[in-house]
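Trainee: Right, I'll just put the structure down here and ask away after.
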């Protein structure tokens, strides 16, 4: 990677895609099976890349390294220099070790993620990284158990277990890089996941909230579920007689911030940064306002206040994932979003498809991005900043 292309990331994500997929019975390694027009690995990478800047190492079966590189080129866009592919081993632990050897020296935090959890929202990655930055050695995303759990002996029930003390583990599992390096260097026994390996070495593992969409595609029914979730959200959500709702949102930010320019969910190296409490991404903020307005949930200031330290410097993936969660809790599905950017710089056209993929992945819905100038007129025409205007369609879910 050329040093002047992108900043060196502090986070690496090892995507474990070396599984055989025997239980899926689809005749190919699991990560390369299609969900829709794209493979499980493609969808996984799209969501990994929708988060903050990170090195990504894909661990593939030895005879599928070339196929994995093809998938990387298809999804990575301008971030292709951040992604590499290595061959995995005969066990999951060996595959993670192969990925760990490819992590760049300056990386501080390593996330290990199963490609089979292809629909994991970017917000889960953000929560894991935030917990690591708070000083924890190991972080595990989890969901509470809903079903009653029984201990059995064969077909006979022995006892009921207290589910309040039980959770289900997901990925990405995050670790301080120095801790994971040391644990893997000393490992002599295989464990079911990396958190178990780190815990066995005497380190504390803390939890953060997982997500229902982070389920693992293991059996044919899981693949059917993923395919249904990636279908047209309006077709799935609209019962007869229920009308969709539309909202509009606008946002403007002036140039003059610190660090790099973030716009439409992408980092723009070498461009003048925007000023704001978060990263100043006017496109993402206009989308948030449009979605909240459509659902009757107020505006961005009501949910992402400038006095809230959680959102200081936060990028689009955090805002959009949180907005998606707010809409879901309020009983709405996102249909689609259209957003127009008014600015002289940066030139959006070369990265339009990349921006649409990143924003759409975070929302789980189609996003169309367009751009225009104002022929030298007004705030944007004079080069003082960026304006964005968004229209969003949401649909009430059946009660």
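The values are calculated or read from the model by the stated rules, or taken from the named source; none is laboratory data. Just so you know, these numbers come straight off a predicted model, no measurement behind them. For neighbour counting, all protein chains shown are included, and Cβ atoms are generated from backbone atoms with ideal geometry for every residue, glycine included.
Trainee: I need the full set of residues from region 328-338 which are under 23 Å from residue 125 (Cβ atoms) and modelled with pLDDT of 90 or more, in order please.
Mentor: 334, 337 - these are the residues of region 328-338 that are under 23 Å from residue 125 (Cβ atoms) and modelled with pLDDT of 90 or more.
Trainee: For region 270-296, how many residues meet the condition of being surrounded by fewer than 18 Cβ atoms within 10 Å (Cβ to Cβ) and either within 16 Å of residue 248 (Cα to Cα) or within 21 Å of the chain's Cα centre (by Cα) (or both)?
Mentor: The number of residues fulfilling the criteria is 1.
Trainee: I'd like to know if region 349-368 contains one or more residues that are touching a helix residue (DSSP H, G or I) at 6+ places or on another chain (Cβ under 7 Å), surrounded by fewer than 19 Cβ atoms within 10 Å (Cβ to Cβ), modelled with pLDDT of 90 or more and part of a strand (DSSP E or B).
Mentor: Yes, the conditions are met somewhere in region 349-368.
Trainee: Being outside any loop (DSSP other than H, G, I, E, B) and at pLDDT below 80 is the filter here, so list the residues in region 4-50 that pass it.
Mentor: 22, 23, 24
Trainee: Residues in region 60-68: is at least one over 17 Å from residue 120 (Cα atoms) and in a loop (DSSP other than H, G, I, E, B)? Quick ask: steps written out before the conclusion?
Mentor: Residues of region 60-68 that are over 17 Å from residue 120 (Cα atoms), as a first pass: 60-68.
Checking the rest, the ones that are also in a loop (DSSP other than H, G, I, E, B) come to 61.
There is at least one residue in region 60-68 that is over 17 Å from residue 120 (Cα atoms) and in a loop (DSSP other than H, G, I, E, B).
Trainee: Let me ask something additional. Would you confirm whether any residue within region 144-154 is closer than 25 Å to residue 95 by Cα and loosely packed, with under 15 Cβ neighbours inside 10 Å?
Mentor: no
Trainee: Another question, then. Filter region 321-338 down to the residues that are assigned to a strand (DSSP E or B) and surrounded by 17 or more Cβ atoms within 10 Å (Cβ to Cβ) and list them by number.
Mentor: Residues satisfying the conditions are 332, 333, 334, 335, 336, 337.
Trainee: Which condition number does residue 123 fail, the rest of (1) in a helix (DSSP H, G or I); (2) closer than 19 Å to residue 82 by Cα being met?
Mentor: Failed condition: (2).
Trainee: Anything in region 201-226 that is without any contact (Cβ under 8 Å) to a residue 60 or more places away in the chain and over 14 Å from residue 120 (Cα atoms)? List them, or say none.
Mentor: Correct list: 201, 202, 221, 224.
Trainee: If you don't mind, another one. Which of the following residues is at pLDDT 95 or above, in contact with a strand residue (DSSP E or B) (Cβ under 7 Å, 6 or more places away or on another chain) and surrounded by fewer than 19 Cβ atoms within 10 Å (Cβ to Cβ): 157, 206, 167?
Mentor: On the way: 157 fails: at pLDDT 95 or above; 167 fails: at pLDDT 95 or above.
After applying the criteria, what remains is 206.
Trainee: Follow-up question, since we're still on this one. Looking at 166, 132, 82, which is the one that is farther than 27 Å from residue 266 by Cβ and in the same structural domain as residue 44 (by TED's automatic domain parsing)? Don't jump to the end; show me each part of the working.
Mentor: Details: 132 fails: farther than 27 Å from residue 266 by Cβ; 82 fails: farther than 27 Å from residue 266 by Cβ.
Checking each option against the conditions leaves just 166.
Trainee: Please tell me if residue 381 is surrounded by fewer than 18 Cβ atoms within 10 Å (Cβ to Cβ) and more than 30 Å from residue 210 (Cβ to Cβ).
Mentor: Details: surrounded by fewer than 18 Cβ atoms within 10 Å (Cβ to Cβ): yes; more than 30 Å from residue 210 (Cβ to Cβ): yes.
It is true that residue 381 is surrounded by fewer than 18 Cβ atoms within 10 Å (Cβ to Cβ) and more than 30 Å from residue 210 (Cβ to Cβ).
Trainee: Quick one: which of 179, 152, 129 is assigned to a helix (DSSP H, G or I) and farther than 30 Å from residue 360 by Cβ?
Mentor: Only one candidate passes the filter, namely 179.
Trainee: Still on this model: Within region 244-269, take every residue that is touching a strand residue (DSSP E or B) at 6+ places or on another chain (Cβ under 9 Å) and free of Cβ contacts under 8 Å to residues at least 60 places away in the same chain and give me the one that is surrounded by the fewest Cβ atoms within 10 Å (Cβ to Cβ).
Mentor: That would be 256.
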